[in-house]
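The values are calculated or read from the model by the stated rules, or taken from the named source; none is laboratory data. Predicted model, so just to flag it, every value in this text is computed and none were measured. With ideal geometry, Cβ positions are generated from the backbone for all residues, glycine too; neighbour counts draw on all protein chains shown.
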Amino acid sequence: MGVEDVKKLREMTSMGINECKKALEEARGDFDKALKVLRERGAQVIDKKSGRATSQGLIESYIHFGGNLGAIIEINCETDFVARTDNFKKFVKDIAMHVAALSPLYIKKEDIPADVLAKAENADEFVKQHCLLNQAYVKDNQITVSEYLKNVVAQTGENIIIRRFSRFSLGE
């Protein structure tokens, strides 16, 4: 278990140094197992916080170079303190850019009307392509938007909800 592994885990997951050390110890120095442990812990944190009210947050826009494509998004958190942090602001901006780039139609699978999903040739692929949380994150296709969200929830310690978005493209 080296300092470099702890540093790399911290960069990948944004978890605290102690959490990264504990995960590496638990995984007996196996980096991939430690990463899996941290991701599972992140999912547990999200589950615990998911019922908490989210009345604060930000509305952010992203306009692509040239001005022919853009998106606006609302993401909520629990407190205005977190809404003002650089980490949260970066997340909101990143997701606005992602929406502009990948054109999701829905936030999550449950938002898809049953008749639309029934008409899809391959329901799983339809969900991956059209649901924001299931899409591969545009800046790091090794993770989904949902995993990015989980990392931010773990960092901030608050429930975060992607409330709504709209995408605009010239001529559409």
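Points to keep in mind about this one:
- Residues satisfying the stated conditions in region 148-160, i.e. buried (at least 18 other Cβ atoms within 10 Å of the Cβ) and not hydroxyl-bearing (S, T, Y): L149, K150, N151, V152, V153, A154, Q155, E158, N159, I160
- Restricting the first member to region 59-86 and to residues that are more than 24 Å from A154 (Cβ to Cβ) and free of Cβ contacts under 8 Å to residues at least 12 places away in the same chain, and the second to residues that are surrounded by fewer than 16 Cβ atoms within 10 Å (Cβ to Cβ) and among the charged types (D, E, K, R), no beta-carbon pair is closer than 7 Å while six or more apart or on different chains.
- Residues that are modelled with pLDDT of 90 or more and touching a helix residue (DSSP H, G or I) at 6+ places or on another chain (Cβ under 6 Å) were ranked within region 37-60; the one that is nearest to D94 (Cα to Cα) is E60.
- Qualifying residue in region 116-129 (condition: touching a residue at least 24 places away in the same chain (Cβ under 8 Å) and in contact with a strand residue (DSSP E or B) (Cβ under 9 Å, 6 or more places away or on another chain)): no
- Region 62-87: number of residues that are closer than 19 Å to I143 by Cβ and modelled with pLDDT of 95 or more: 2
- Residues being closer than 24 Å to A53 by Cβ and either among the hydroxyl-bearing types (S, T, Y) or not assigned by TED's automatic domain parsing to the domain that holds D86 (or both) - total across region 129-160: 3
- Single residue of E147, E110, E121 found to be within 30 Å of C20 (Cβ to Cβ) and charged (D, E, K, R): E147
- Only residues that are at pLDDT 70 or above and outside any helix (DSSP H, G or I) were counted in region 7-36, giving 4.
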